[in-house]
1. If you work out mean projected area of the Cα convex hull in nm² from the coordinates, which of (i) 9.4; (ii) 8.9; (iii) 7.5 do you get?
2. What order do you get for M97, M104 when you list them from fewest to most C-beta neighbours inside 10 Å?
3. Given the options F116, F25, F59, which has the most mean-square fluctuation in a GNM of the chain, springs set between C-alpha atoms less than 10 angstrom apart?
4. Under a GNM of the chain (C-alpha, springs under 10 Å), which listed residue has the highest mean-square fluctuation: A103, A115, A57?
5. L42's amide H: which non-local residues (gap 5+, or another chain) put their own amide H closer than 5 Å, with H modeled 1.01 Å from N in plane and none for Pro or chain starts?
6. Between the helical axis of 15-32 and the dominant principal axis of the chain, each derived from Cα atoms, what acute angle in degrees is found, rounded to the nearest 10?
7. Sort T16, T102 so that the residue with the fewest other Cβ atoms within 10 Å of its own Cβ comes first and the one with the most comes last.
8. Rounded to the nearest 20 debye, what is the charge dipole size of region 13-127 about its Cα centre when +1 sits on each Lys and Arg Cβ and -1 on each Asp and Glu Cβ?
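Read the figures in this text as sums done on the coordinates, not as results from a lab. Because the structure is predicted, anything quoted here is derived from the model rather than measured. Heads up, the Cβs are rebuilt from the backbone with ideal geometry, glycines too, and the neighbour counts pull from every protein chain shown.
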Amino acid sequence: MSEPQETPFDRLGGETAVRTLCEHFYDAMDRDEPALAKLHELDDRGRVSRRSRDRFALFLIGWLGGPQDYIAQNGHPRLRMRHARVPVDIAMRDAWMRAMTTAMDEVAVAPDLRAFLLGRLADVADFMRNRPG
């Protein structure tokens, strides 16, 4: 019997590491990508809300191969449907990717894992586009 494959979730360092990445992602968004941040639910300080941060962390944990708590709590992600109200064009896609790239740099994701994840996330970010340009 073969050994189970190590998932990106495992390679990143598990739940705590994914949650840390998500915090850095939203901090970068709040700091560097205000137009993107404003598309999210904001808290009293004008930052992306705890609820949004926690929900994305649950999603990312599952997407990376960790526990599927997001699906258990929210059902299938249906990413395009859930984001249909949000105008996602090339500029928003690129802003999202810049925030994630910054977060990965800040938490020092290993270069090979970083390249793999950014490639997969770029595909998802492009799939999310629902506006031309």
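1. Here mean projected area of the Cα convex hull in nm² agrees with entry (ii).
2. Working: M97 17, M104 23.
If I rank by nearby Cβ atoms, fewest first, I get M97, M104.
3. Per the Cα network of the chain with a 10 Å cutoff, F116 tops the list.
4. A115
5. Result for L42 returns S49.
6. 20
7. Numbers: T16 9, T102 18.
Result, fewest neighbours first: T16, T102.
8. Working: 17 positive and 18 negative charges, 86 e Å.
Charge dipole, region 13-127, about its Cα centre: 420 debye, nearest 20.
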